[in-house]
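Quick notes on the structure that follows.
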Amino acid sequence: MTPAKHGTRPIVVDETPGKKAYCQCGLSANLPYCDGSHSREGTGLAPIVVTVDAPGNKAICQCHQSGNRPWCDGTHSKL
Ligand code: FES
């Protein structure tokens, strides 16, 4: 399994409602969203798929240490 290659700070997006696939491998060209690179690169990782119910700013965890992934819970600031 290839280690994730994200940064240490969340990506904040003005999200729209609907089904979202957030990248967990860090190789996507469209972060924070999955673009299928995890499969093409054989990382053994998969995106986290969630349904966003309401529009608004969402902080997407990039440090992989949040206790509430895919959402940031501030853990990155303690690393
Ligand atoms: S491209 Fe990274 S999880 Fe899909």
8, 75, ranked by accessible area, largest first (probe 1.4 Å): 8, 75
J(HN,Hα) series, the range 18-28, from Karplus relation 6.51 cos²θ - 1.76 cosθ + 1.60, nearest Hz, glycine and proline x: x, 7, 10, 10, 9, 4, 10, 9, x, 9, 4
Å² of accessible area per residue within the chain, as computed with a 1.4 Å probe and no ligands counted: 59
Reachable aspartates and glutamates, given that their alpha-carbon falls under 20 Å from the alpha-carbon of residue 19 and they are not under 8 places away in the same chain: 35, 53
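For the chain, which whole-number percentage of the solvent-accessible area (1.4 Å probe, protein heavy atoms only) is attributable to carbon and sulfur atoms?
Numbers: 2240 of 4630 Å².
The value for the chain is 48 percent carbon and sulfur by accessible area.
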Karplus 3J(HN,Hα) series, Hz, for the range 71-78 with 6.51 cos²θ - 1.76 cosθ + 1.60 (x for Gly, Pro): 7, 6, 10, x, 4, 4, 6, 9
Amide H contacts under 5 Å for residue 15, placed H, 5+ residues apart: 56, 57, 58
Sorted peptide list for 32-38, 12-18, criterion being average Cβ within 10 angstrom, highest first: 32-38, 12-18
R0 of 22 Å, Cβ-Cβ distance residue 37-residue 78: FRET efficiency to nearest 0.05: 0.15
Debye equation applied to the C-alpha atoms of the chain, log10 I(q)/I(0) at 0.11, 0.15, 0.19 Å⁻¹: -0.26, -0.48, -0.77
Amide H within-cut-off set for residue 48, under 5 Å, with H built and near neighbours excluded: 22, 24
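The values are calculated or read from the model by the stated rules, or taken from the named source; none is laboratory data. Not measured: the values here are computed from a predicted model. Counting neighbours? That spans all protein chains shown, and the Cβs are built from the backbone with ideal geometry, glycine included. Heads up: the accessible areas ignore ligands, DNA and RNA and are worked out on the full protein's heavy atoms, side chains in. Shrake-Rupley method; radii C 1.70, N 1.55, O 1.52, S 1.80 Å.
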